[in-house]
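To start, the structure under review is shown below, and the notes come after it.
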Amino acid sequence: MDDTNYKRLISSSGSKIRRELDSVPKTGALEIWRSERKMADKNSKQPENAAGKWYVDTTCVPCHACVDEAPNLLQYSEDEDYVYFHRQPEGAEEEEAAEFALQSCPTEAIGKDGE
Ligand code: SF4
């Protein structure tokens with residue numbers, strides 16, 4: 001499978017991955033990791049994030065799910081190893097898109113407590 005097809009596959013299954021992670025029994029290493037993590041870490045932001053409250057941290061895989069939810073706000077790094085907010089949301093519609101992006105992230109790499 002080439003890179004494009006792989007990214008397409010991952011993109012279409014990002015929300016599915018999140019649902020499957022949510023369905024994992026509430027015991028075991030994954031649940032412990034998720035319960036300890038809970039949210040993105042503003043001290044580990046990707047450096048390209050636009051200044052502001054929204055950011056992607058260094059746990060981005062990347063799976064593309066958030067880009068589908070907020071294509072005007074998020075973009076891939078030059079080497080396509082992660083995504084970041086190339087600008088902050090403006091207005092209620094873009095804030096909502098950013099929220100959907102946060103909810104779609106299977107690794108909880110998106111935060112909104114930045115500065
Ligand atoms: S921030 Fe989350 S949803 Fe977006 S590409 Fe990275 S891992 Fe996927």
Exercise for the section: Check the straight Cα-Cα distances from Lys38 and name the aspartates and glutamates below 14 Å, setting aside those fewer than 8 residues away within the same chain. Expected result: Asp22, Asp57, Glu108, Asp113
Fill in the blank from the handout: For 75-83, 99-107, 63-71, ranked highest to lowest by mean beta-carbon neighbours within 10 Å, the order is 63-71, 99-107, 75-83
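Between Lys42 and Glu96, what length in nm is gained on full extension when 0.36 nm per residue of separation is reduced by their alpha carbon distance?
Details: separation 54, 0.36 × 54 = 19.44 nm, distance 2.01 nm.
Extending this stretch completely gives an extra 17.4 nm.
Rule-based calculations on the coordinates, nothing more; no lab input. What you see is a predicted model; the values in this text were computed from it and never measured. All Cβ positions, glycine included, derive from the backbone under ideal geometry; neighbour counts span all protein chains shown.
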